[in-house]
Structures are given as structure tokens and as C-alpha cells.
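One structure below.
All of the numbers you see were taken from the coordinates with simple rules; none came from a lab. Predicted model only: the values in this text are computed from it and were never measured. Reconstructed Cβ throughout: ideal geometry from the backbone, glycine too, with neighbour counts over all protein chains shown.
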Amino acid sequence: MIEFGPAGRCELMDEQGIDIMKVPAFLNKLGLKTFEYPLTHGINLHRDKAREIGEEFKKYGISLSVHAPYFINLATPEDEKAEKSFGYIISSIGIMRAMGADRLVFHPGSLTKQSRDVAFANTKNRMRELVDLLNSQGLLEGIYLCPETMGKHGQIGTVSEVVELCTLDEHIIPTLDFGHINAFTLGSIKTSADYENILNQFKNRLGERGNLIHAHFSRIRFGEKGEICHLNFDTEEDFGPDYVELIKALKKCGTDGRIICESHGHQTEDSKTMSDEYFKQ
């Protein structure tokens, strides 16, 4: 079964004065079942407040994930910068545990001035170090780390790279950002078969764990270097990908997990559109 929900608060919530404590009731009325809490610009949430927020989401049966800060870069060759990235992840895990969330989404890294091969080798090595560190402290129990597929050519996070990272530990599952994948590949996702090919890469490599995904979805404008900006379903621009074709693929593959909508400002409304399509008779 797939759960649908938004990433963070949307424009409609702002317009209606719906603060974070009122979000669970709002989502519940719409039949949405999951929410991704953003720590993307820094960890400025106290754990006591995180617990309070988590209790409200639990009350309405809405699952939670957390997006870690954008500052993380596991591709760095510098130990000091890697340690800072580890620190952001450990701090994010503390918040998500207080909140009752069970999935931590993060961007794997950036090439900076390195070749792609060198940057990915660094990312994989840092990921091993991170997993060993988290396991030594018992921090991975009951949660998943979710490295994200990325949309810009200067970032680590192709489908094959994320597959490889997910092989490192049983507590790692992908964040498949289909808008990012489409942008990185300059519009390669057009049909349900294209989505199936992506999903099957994880199934074939990870076995049963490959059937469980965390995913982001939005239409994304792209150029020759990949992602430019997120759009929403109402935007009159010829940029994909198509959510209907995704839903066909999810059903055919029997995929389980969560689809987090990241449409620009309309993430809740577009989540509802996707959920209605998935569950229609």
C-alpha cells in the first residue's frame, strides 16, 4: 500500500492560518496519510516541541519522515566537513526519534571540483563510515536512512548511485525523487514502463527491501544541467513527469511506501490528486 502526503506546509495552510499543530487534522480530513517535516535549512526545533508535534500526528494516524539539512555532503574529501555532515544526520535522528518519525531523507553530496567517479567513491566510503558510527551508537534501530536521487548534474544521486548506497546496510532504503530523476535525465520518464524500470532496479538489487520506497514527486522544470525549479500540477508548462503513469507502475510492481509531494506551494492539493487517482475504483 502507498501513503500520500505533502512535504512541509503549503500555501493553502498559510492562507488558512494552519500552524504545524493543526496540520494533522487538516491532512486527516483530506484522507492523506503521511507528512515530511523539513529540517532543510537547519535544526532549529527543540526535542520537546518535536514530541508535541509527533503526538498530534500519531493521534490522527499520520506517518512521519524528516528531511535532514541541505548542508550534508558525504562526497567531501575533507574529514572535518564529513564530520559536520555526520553531526547534522545524528542531530536530525534525535529530532525524528522525538517526533516518532522513522525515515530520514538526505541529499548524498555534491561533486564540487571532483570527477563524478571520485565524488561517488568518497560518498560511498563516507556512507560506510556513517553507518558504522550510527550502528555503534544504536541509532539505526527502528529507522531508515533514505538517500535521495538528485536532479542536478553537479550532485551525487543518480538511480544507480542510490541503488549502490542502499546495498551498504539493511537500514537504508531509497528516496526516489521522480521529478529529480526526470530532470537529471532531461525528460526520460514518459510512460509507466519507464517508472517500472526504475523500481525494478531496486527490487533486483535489494530483494524484498527493494519493494519498500520513500519517494518524492513533483513536476520539475529542467535545462541542460538538470533541475531548475519545482512546478505544480496546474502549471501550464510542458515538463513532467506524469503522476498517472507513476501510479500505474506502483500498482503493477506492487510497491509499498510513501509518496511525498513537493509541488511548488500546492503540495497538499497535488498529494490529494495523486491519492484520489491511486485509490479510485
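Calculate the FRET efficiency for LYS251 and ASN204 from the Cβ-Cβ distance with a Förster distance of 22 Å, rounded to the nearest 0.05. Write down the numbers at each step before the final one.
Numbers: r = 19 Å, r/R0 = 0.87.
Working from the Cβ atoms, E equals 0.70.
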Selected from GLY142, PRO108, ALA98, residue furthest toward positive end of dipole (the range 2-279; charges at beta carbon) | GLY142
Under a GNM of the chain (C-alpha, springs under 10 Å), which listed residue has the highest mean-square fluctuation: ALA75, ALA101, ALA50?
-> ALA50
Beyond 35 Å, what share of the Cα-Cα pairs of the chain is found? Please give it as a whole percent.
-> 11
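If you place +1 on the Cβ of every Lys and Arg, -1 on the Cβ of every Asp and Glu, and leave all else neutral, what size is the dipole of the range 161-238 about its Cα centre, to the nearest 20 Debye?
Computed charge dipole of the range 161-238: roughly 140 debye.
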Hey, what number do you get for the chain at 222 nm if only DSSP H runs of n ≥ 4 count, each worth -39500 (n - 2.57), divided across all residues, to the nearest 500?
-> -13500 deg cm²/dmol
Consider a paramagnetic label point 7 Å from the Cα of PHE71 along Cα→Cβ; state which residues of the range 33-53 have an amide N under 12 Å from it.
-> 40-44
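Suppose every K and R has +1 on its Cβ and every D and E has -1 on its Cβ; what is the size of the dipole of the chain about the Cα centre, in Debye to the nearest 20? Spell out each step's value before the answer.
Working: 32 positive and 42 negative charges, 88 e Å.
About 420 debye.
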Alpha carbon centroid spacing (whole Å) that separates the range 159-209 from the range 1-48 | 26
Env charge @ THR34, Cβ radius under 9 Å, K,R +1 / D,E -1, value 0
Taking N as its residue count, the alpha carbon Rg of the range 1-71 over 2.2 N^0.38 Å | 1.08
Assuming a viscosity of 1.002 mPa s and a temperature of 20 °C, what translational diffusion coefficient in µm² per second does Stokes-Einstein assign to the range 139-239, Rh being the Kirkwood radius over Cα pairs?
-> 153
Have a look at PHE222, CYS253, SER271 and report the one farthest towards the positive end of the charge dipole of the range 190-281, computed about the Cα centre with Cβ charges (Lys/Arg +1, Asp/Glu -1).
-> CYS253
Which residues qualify? For ARG219, with a placed amide H closer than 5 Å and at least 5 residues away or on another chain, they are LEU231
FRET efficiency for GLU15 and THR112, Cβ-Cβ distance as r, R0 = 25 Å, nearest 0.05?
-> 0.05
Length gained if ILE90 through GLU78 is fully extended, taking 0.36 nm per residue and subtracting the Cα-Cα distance, is 2.5 nm
Computed label-point distance, nm, for sites SER188 and TYR60 using a 7 Å Cα→Cβ extension = 3.8
For LYS252, list the lysines whose Cα falls under 20 Å from its own Cα; do not include residues on the same chain fewer than 8 positions away.
-> LYS190, LYS203, LYS280
When the Cα centres of the range 239-281 and the range 77-134 are compared, how far apart do they sit, in Å?
-> 28
